[in-house]
Amino acid sequence: MIEYRDVGMTYGDNVILKQINLTINDGELFVLVGPSGSGKTTLLRMINRLTEPTHGDVYLDGKRVKDHDLRQLRLHMGYVPQTSSLFPNLTVGDNITIQLEEAGVKKVERKKRALALLAQVGLEGDKYISRLPKELSGGQQQRVAIARAMASQPKLILMDESFSALDPVLRRQQQELLLDLHRQSKTTVVFVTHDMQEALRLGDRIGVIQDSCLMQVGSPEEIVQKPANSFVADFFKSARPRLGTMLELLASPYVNRITETDLPEVEKVEEVAGLAEKAGFLQFAYQGAGYQIKSSDLLHYFGKWGD
């Protein structure tokens, strides 16, 4: 668990963050979103002590971050920056396992771990493990960076605008990869973005930052349906997603077939969205068959169709 208690940050007369109180739960994919310069990256970097707060404290599992041994803290924490930041003189395999080498893991075990992680991020191990970063595309480099962040099986991974340098197609592919990996591992992920659509697509919960303040924390549906103020409402207005088609929705991994009868009959995805008045499971019928989807999964699905 991560806790920010009355956290503030100033540089001279410049206020970067004001009295942040926030809890991020174990196993969450938590997204910090806000305009450029709002303080979200500073908030993230306080967790691995790349930045130290000038007021208040950040706690990790009940212990102040500044009381942790810095080397051990970072060895057991994954970090994926905006660019992959792979070491250009190291092979893919050595880039992935550099933390394991630092921890004294034997070479044969490091190679075995690298091959397994490459498979997890959708790259053929034998084909890529000996390549240098310059031989990879941007999307492949970012997949290797994610594999590197997972190498030590950390309880926590920090991701700072990790997909923002990618084109829209690659960006969606990486989002899908992250969602799949998170479902499998249940590792806590803190993800920073200024993209509202990305926040809705990825977040179990979202923290909205503006003018150095935490404006709202909530699930994607709470942020969209019950914005805390006019800034949150206006900020997410442009993220209203296109909805796709019913056949595409039913073919997605989010929808479950059910046998219940006497369900509300719908013809379009817009009608399914209209049932989402509250968080929970939505049940509906389409062409005589029954289906069920969580409202949170419906929002994740919408994210696929965002502009």
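Some notes on this structure:
- Glu271 at pLDDT below 90, assigned to a loop (DSSP other than H, G, I, E, B), surrounded by fewer than 16 Cβ atoms within 10 Å (Cβ to Cβ) and outside the structural domain of Thr42 (by TED's automatic domain parsing): no
Residues checked against (1) more than 22 Å from Gly8 (Cα to Cα); (2) surrounded by 21 or more Cβ atoms within 10 Å (Cβ to Cβ); (3) aliphatic (A, V, I, L, M):
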residue	(1), (2), (3)
Ile146	yes, yes, yes
Val169	yes, no, yes
Gln173	yes, no, no
Glu198	yes, yes, no
Ile209	no, yes, yes
Gly218	no, no, no
Glu222	yes, no, no
Lys226	yes, no, no
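- Any hit, the stretch 62-83, residues being of a type in the set (A, V, I, L, M, F, W, C) and closer than 21 Å to Gly203 by Cα: yes
- Any chance Gln99 is assigned to a helix (DSSP H, G or I) and either closer than 15 Å to Met150 by Cβ or not assigned by TED's automatic domain parsing to the domain that holds Ile146 (or both): yes
- Restricting Leu200, Leu178 to those that are assigned to a helix (DSSP H, G or I) and closer than 20 Å to Gly78 by Cα reduces the list to Leu178.
- Ser130 over 23 Å from Leu43 (Cα atoms), in the same structural domain as Ile206 (by TED's automatic domain parsing), small (Gly, Ala, Ser) and at pLDDT 90 or above: yes
- Against the numbered list (1) assigned to a helix (DSSP H, G or I); (2) in contact (Cβ under 8 Å) with a residue 24 or more places away in the chain; (3) not acidic (Asp, Glu), Gly122 comes up short only at (1).
- Condition met for Thr91 (of a type in the set (Val, Ile, Thr) and modelled with pLDDT of 95 or more): yes
- Test: residue in the stretch 6-21 that is more than 18 Å from Pro81 (Cα to Cα) and among the basic types (Lys, Arg): yes
One line per residue, one yes/no per condition, for (1) surrounded by fewer than 18 Cβ atoms within 10 Å (Cβ to Cβ); (2) modelled with pLDDT of 85 or more; (3) touching a helix residue (DSSP H, G or I) at 6+ places or on another chain (Cβ under 9 Å); (4) in a loop (DSSP other than H, G, I, E, B):
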position: Phe231; (1), (2), (3), (4): yes, yes, no, no
position: Arg242; (1), (2), (3), (4): yes, no, yes, yes
position: Pro253; (1), (2), (3), (4): yes, no, yes, yes
position: Glu277; (1), (2), (3), (4): yes, no, yes, yes
position: Leu282; (1), (2), (3), (4): no, yes, yes, no
position: Ile293; (1), (2), (3), (4): no, yes, yes, no
position: Leu299; (1), (2), (3), (4): no, no, yes, no
position: Phe302; (1), (2), (3), (4): no, no, yes, no
position: Gly306; (1), (2), (3), (4): no, no, yes, yes
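- In the stretch 131-163, the residue that is farthest from Ser85 (Cα to Cα) out of those that are among the aliphatic types (A, V, I, L, M) and not in a helix (DSSP H, G or I) is Leu156.
- Check on Val92, in contact with a strand residue (DSSP E or B) (Cβ under 7 Å, 6 or more places away or on another chain) and in contact (Cβ under 8 Å) with a residue 24 or more places away in the chain: no
- Enumeration of residues in the stretch 148-167 that are surrounded by 19 or more Cβ atoms within 10 Å (Cβ to Cβ) and among the acidic types (Asp, Glu): Asp160, Glu161
- Those residues of the stretch 1-38 which are aromatic (Phe, Trp, Tyr) and closer than 17 Å to Pro220 by Cα, in sequence order: Phe30
The values are calculated or read from the model by the stated rules, or taken from the named source; none is laboratory data. As the structure is a prediction and not an experimental result, all values here were calculated from the model. Here Cβ is always computed from backbone atoms with ideal geometry, including for glycine, and neighbour counts include all displayed protein chains.
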